[in-house]
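Enquirer: One structure follows; several queries about it will come next.
The values are calculated or read from the model by the stated rules, or taken from the named source; none is laboratory data. Source: prediction; values computed, not measured. FYI the Cβ positions are ideal-geometry reconstructions off the backbone, even for glycines, and counts take in every protein chain you see. Remember, those area values only see protein heavy atoms, side chains included, never the ligands or the DNA or RNA. Shrake-Rupley method; radii C 1.70, N 1.55, O 1.52, S 1.80 Å.
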Amino acid sequence: MADNFEPKIVGLLCTWCAYAGADLAGTSRIKYPPNVRSIRVMCSGRVDPQFVLDAFAHGADGVLVSG
Amino acid sequence: MPEKFKFAFMPSASCGGCEIAVVDIDEVILKVAELADIVYWPTALDFKDKDLEAIPDGGITVGFFNGAVRNDHDVHHAKQMRRKSQVLVSFGACAQMGGIPSLGNFWTTEELAHRMYDTVPSVVNPDGTRPQLKYDAPEGELTLPRAMDRAYALDQVVDVDYYLPGCPPQVKWIVAAVEAVAKGELPPKGTVIAGTKAVCDECPRERSEEKQVTEFKRIHLVENDPEKCLLEQGIMCCGPATRDGCEAACVVAGQACRGCFGPTDNVNDMGAKLASAIASIVIADTQAEADKILDKLDDPAGYFYRFGLARSMLGVQRGERKDGDE
């Protein structure tokens, strides 16, 4: 089973850079694994430590803050 | 004359301060006595377990429960109080969020026992003797309650109607709660009977627009300026994430806010919120500089969760929380 582990990763992405990058990946038809669940935030400065804890508490294996 | 209300006060894993707070309402206690019969209050009067047992289910109008739930006896009391009370009020910081007893949740119960009975410098216990849950005394079998895996807040064990926060709860909010009961004007279930903003909103100290901290200091090692915001002076203060209603009593008296009223409505993890608050005021250009400043902040986990570790997300196993929770 350990080989089939698929982590659930919550991506908190800044709308102006990381999220735009993810968007561009989409429009350019570049594939990326579906493990990342992206959440758009207006700025990575908006990310509160509570979001990170909440994501883990809800079952995320990793949290990616990008921006 | 209509039938009197029936009040009960149940202590649990607590220091007794909450019950002192009840007595602290001074002459208002006479009004309470006029309004209600106290049917159970073992701290102040000679009540025994069997007296509580004898009260029929729903026989208590308002039950006040103070203290965390730490052992199986506390669980029994919590369930009993829930069954017998029409309205159950979580009284004080420990019942609301686990309080000081829940700081022990940073360790397992076994680790705590090891510390307590083996490694405390004043303990001499070469045989590793531990308290036994059962002992056959000549007079009969004696038993002790079993400590659970961790301390719990009251609402993690039974359904709670209202919360009176604080360590201990403030007289004016106790009076407000009793008056609400007397008038039959109870707020919606789950209400925390206190302010709705942060302690900073009530704090009389002067704040500048831009908080900038380059060094943390411990409050007893410096003389603080009584006019200025403590955080701006580099003294850790929990005001930004703590519910108001205490009129910033500690800060007015020259002590930093310790967060006993618990988080405001918009905060679901007090430590995380305080970490966020600290992060936004520390002025550092490099990681090394930031580390140096934060190293001076003693025991942040203990400080940020002083009254609320049982209720914090740190105690939650991964994936335990379901959608719709908080």
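Enquirer: If one takes the longest principal axis of the Cα atoms in chain B, at what angle in degrees, from 0 to 90 and to the nearest 10, does the Cα axis of helix B:171-183 lie?
Expert: 50 degrees
Enquirer: Turning to a different aspect of this structure: Report Rg (one decimal) and Dmax (nearest whole number) for region B:1-100, counting Cα atoms only, units Å.
Expert: Rg, Dmax (Cα atoms, Å): 13.0, 43.
Enquirer: Kirkwood hydrodynamic radius, computed over distinct alpha-carbon pairs, for chain B: how many Å, to one decimal?
Expert: Working: mean 1/r = 0.0462 Å⁻¹.
This gives a value of 21.7 Å.
Enquirer: Let me ask something additional. From the Cα trace of region B:142-203, what convex hull volume per residue do you get, rounded to a whole Å³?
Expert: Numbers: hull volume 10.6 nm³, N = 62.
Dividing the Cα hull volume of region B:142-203 by its residues yields 171 Å³.
Enquirer: Quick one: of the DSSP bridges fully inside the protein assembly as shown, what percent are antiparallel, nearest 5?
Expert: Numbers: 9 of 42 bridges.
Approximately 20 percent, going by the DSSP bridge assignments.
Enquirer: On average, how much area does the Cα convex hull of region B:91-240 cover when viewed from any direction, in nm²?
Expert: Mean orientational projected area (region B:91-240, Cα hull): 15.9 nm².
Enquirer: Still on this structure, please answer the following. Mind checking how much accessible area A and B bury in total, 1.4 Å probe, in Å² rounded to 100? Don't skip to the end; give the middle numbers.
Expert: Details: alone 5070 and 17850 Å², together 21870 Å².
In total, chains A and B hide about 1100 Å² from solvent.
Enquirer: Let me ask you something else. How well do other chains shield peptide B:173-184, expressed as the mean number of their Cβ atoms within 10 Å of each residue Cβ? Intermediate results must be reported in sequence, preceding the final value.
Expert: Values: counts 0, 0, 0, 0, 0, 0, 0, 0, 0, 0, 0, 0.
Per residue, the number of nearby Cβ atoms from other chains is 0 on average.
Enquirer: Please work out the Cα convex hull volume for region B:105-157 and give it in Å³ per residue. It would help to have the intermediate numbers written out before the result.
Expert: Values: hull volume 6.7 nm³, N = 53.
Hull volume over Cα atoms, normalised by residue count, gives 126 Å³.
Enquirer: Run the dipole for region B:199-295 about the Cα centre, Lys and Arg Cβ at +1, Asp and Glu Cβ at -1, nothing else charged, and hand back the magnitude in debye, nearest 20.
Expert: On the way: 10 positive and 18 negative charges, 61 e Å.
Roughly 300 debye for region B:199-295.
Enquirer: Which is farthest toward the positive dipole end of region B:21-80 among B:65, B:39, B:76, measuring Cα position about the Cα centre, with Cβ charges +1 (Lys, Arg) and -1 (Asp, Glu)?
Expert: Positive-end residue among those listed: B:76.
Enquirer: With labels modelled as points extended 7 Å from the Cα through the Cβ direction, what inter-label distance (nm, one decimal) is found for residue B:4 paired with residue B:50?
Expert: 2.3 nm
Enquirer: Springs between alpha-carbon atoms under 10 Å, Gaussian network over chain B: tell me which of B:99, B:190, B:245 tops the mean-square fluctuations.
Expert: Highest fluctuation among the options: B:190.
Enquirer: Does region B:199-295 classify as rounded, prolate or oblate by the C-alpha gyration tensor (a ≥ b ≥ c root eigenvalues; a/c under 1.5 gives rounded; else a/b over b/c gives prolate, otherwise oblate)? The partial results should precede the final answer.
Expert: Numbers: a/c = 1.90, a/b = 1.26, b/c = 1.51.
Judged from the Cα gyration tensor, region B:199-295 comes out oblate (a/c at least 1.5, b/c at or above a/b).
Enquirer: Mind checking A:56-63 for the average number of partner chain beta-carbons within 10 Å of each residue's beta-carbon? Intermediate results must be reported in sequence, preceding the final value.
Expert: On the way: counts 7, 14, 9, 6, 2, 2, 0, 0.
If you average over the peptide's residues, the count of other-chain Cβ atoms is 5.
Enquirer: Here is a further query. State which entries of B:6/B:273; B:48/B:134; A:31/B:273; B:228/B:292; B:31/B:84 exceed 32 angstrom in Cα-Cα distance in the structure shown. Intermediate results must be reported in sequence, preceding the final value.
Expert: Details: B:6/B:273 39 Å; B:48/B:134 21 Å; A:31/B:273 36 Å; B:228/B:292 24 Å; B:31/B:84 23 Å.
Violating the 32 Å limit, Cα to Cα: B:6/B:273; A:31/B:273.
Enquirer: Shifting gears a bit: How about residue B:79: which aspartates and glutamates have a C-alpha closer than 12 Å to its C-alpha, ignoring those fewer than 8 places off in the same chain?
Expert: Straight-line reach from residue B:79, under 12 Å: B:53, B:57, B:155, B:159.
Enquirer: Looking only at chain B, where both bridge partners belong to it, what percent of the DSSP beta bridges are antiparallel (to the nearest 5)?
Expert: Bridges in chain B that DSSP calls antiparallel: roughly 30 percent.
Enquirer: Next question, about the same structure. Could you go through region B:46-51 in sequence order and give the Karplus-derived ³J(HN,Hα) for each residue, using 6.51 cos²θ - 1.76 cosθ + 1.60 with θ = phi - 60°, rounded to whole Hz, and x for Gly and Pro?
Expert: Rounded to whole hertz, the list is 7, 9, 10, 3, 5, 5.
Enquirer: If you take each beta carbon of peptide B:304-313 and count the beta carbons of other chains within 10 angstrom, what is the mean?
Expert: Taking all residues of B:304-313 together, the mean is 1.
Enquirer: On a 0 to 90 degree scale, rounded to 10, what angle separates helix B:270-281 from the longest Cα axis of chain B?
Expert: 20 degrees
Enquirer: Once the Cα atoms of helix B:72-84 and of chain B are each reduced to a long axis, what angle between those two axes, in degrees from 0 to 90 to the nearest 10, is obtained?
Expert: Compared with the principal axis, the helix lies near 70 degrees.
Enquirer: Taking the Cα atoms of region B:180-233 alone, what are Rg (to one decimal) and Dmax (as a whole number) in Å?
Expert: Just the Cα atoms of region B:180-233 yield Rg and Dmax of 18.0, 52 Å.
Enquirer: Right, next: Is there a quick way to get the dipole size of chain B? I mean about its Cα centre, with the Cβ of Lys and Arg at +1 and of Asp and Glu at -1; what is the value in debye to the nearest 20?
Expert: Details: 35 positive and 51 negative charges, 83 e Å.
Charge dipole of chain B: 400 debye, to the nearest 20.
Enquirer: Using only Cα atoms, what is the ratio of the radius of gyration of region A:9-66 to 2.2 N^0.38 Å? Don't jump to the answer; show the numbers that get you there.
Expert: On the way: Rg = 11.6 Å, N = 58, 2.2 N^0.38 = 10.3 Å.
Dividing the Cα radius of gyration by 2.2 N^0.38 Å gives 1.13.
Enquirer: Follow-up question, since we're still on this one. With chain B treated as a Gaussian network of Cα nodes joined by springs under 10 Å, which of B:230, B:154, B:309 yields the largest mean-square fluctuation?
Expert: Comparing B:230, B:154, B:309 in a Gaussian network model of chain B, the most mobile one is B:230.
Enquirer: So, one more: How fast does the protein assembly as shown diffuse by Stokes-Einstein, in µm²/s, taking the Kirkwood radius from C-alpha pairs at 4 °C and 1.567 mPa s?
Expert: Numbers: Rh = 23.9 Å.
The calculation lands on 54 µm²/s.
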